[in-house]
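The values are calculated or read from the model by the stated rules, or taken from the named source; none is laboratory data. Note that the structure is predicted; figures quoted are calculated from it, not measured. With ideal geometry, Cβ positions are generated from the backbone for all residues, glycine too; neighbour counts draw on all protein chains shown.
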Amino acid sequence: MRGDDGFGVAVAECLANEELPDQVRVMDVGIGGIHLVQELLAETVGVLIVVDAVEMDRPPGTVLVIRPSVEEVASLPLAEKHDRLADMHYSTPDRVLMLANALGALPEKVWIIGCEPLDAHSVGEGLSEPVEHGISAAIGEIKSIVRAVGIEW
């Protein structure tokens, strides 16, 4: 829906066309991160890699590997808990990870593979050229993480 914001979907589509190790599962949750939380509640997951467009003031197409700092909901004042947990779609990774953590479903090992968008706000289909080029780098980073946790790929 929003051009470069579809980076994670594009990476998931490419991975879906590859032969994956038995221990690896690719899921496209689009803008409904609550679906990811539901999956994490239903199934024990050892490692989670989230792929998304991330705005970090880098050149468009830059791929970043991020170990996110997940906010602890329990430490927030009650009014702030309600505010932070009121998002019905959980469309940003930080909110999804915060909710999964609050529910005890967040794996111990979590990474975000992000790509700096050229434009993640305009309505339109397809990725910009620099973000399109970031797909292969992101897949390389994913494979590297998977191998680093002991899964042959």
| said: Taking the condition of being over 19 Å from GLY3 (Cβ atoms) and either buried (at least 16 other Cβ atoms within 10 Å of the Cβ) or in contact with a strand residue (DSSP E or B) (Cβ under 7 Å, 6 or more places away or on another chain) (or both), how many residues in segment 118-145 meet it? | reply: 5
| remark: Given the conditions (1) surrounded by 15 or more Cβ atoms within 10 Å (Cβ to Cβ); (2) over 21 Å from GLU116 (Cα atoms); (3) at pLDDT 90 or above, every one holds for ARG25 apart from (1)
| task | Please state which of the following conditions ASP52 fails to meet, knowing it meets all the rest: (1) farther than 20 Å from LYS109 by Cα; (2) crowded, with 17+ Cβ neighbours inside 10 Å; (3) charged (D, E, K, R). | result | (1)
| field | Hey, VAL11 under 17 Å from the mean Cα position of the chain (by Cα) and assigned to a loop (DSSP other than H, G, I, E, B) or not | value | no
| task | Determine whether segment 34-43 contains at least one residue that is surrounded by fewer than 15 Cβ atoms within 10 Å (Cβ to Cβ) and in a loop (DSSP other than H, G, I, E, B). | result | yes
| Enumeration of residues in segment 80-108 that are in a loop (DSSP other than H, G, I, E, B) and either surrounded by 13 or more Cβ atoms within 10 Å (Cβ to Cβ) or modelled with pLDDT of 70 or more (or both) | LEU85, ASP87, HIS89, TYR90, SER91, THR92, LEU103, GLY104, ALA105, LEU106, PRO107, GLU108
| task | Could you list all residues from segment 14-33 that are touching a residue at least 40 places away in the same chain (Cβ under 8 Å) and not in a loop (DSSP other than H, G, I, E, B)? | result | CYS14, LEU15
| task | Report, ordered by the first and then the second residue, all pairs with beta carbons closer than 6 Å, sequence separation of six or more or different chains, a first member in segment 44-73 that is of a type in the set (Gly, Ala, Ser), and a second member that is not in a loop (DSSP other than H, G, I, E, B). | result | ALA53/ASP4; ALA53/ASP5; ALA53/PHE7; ALA53/CYS115; GLY61/PRO130; GLY61/VAL131; GLY61/HIS133; GLY61/GLY134
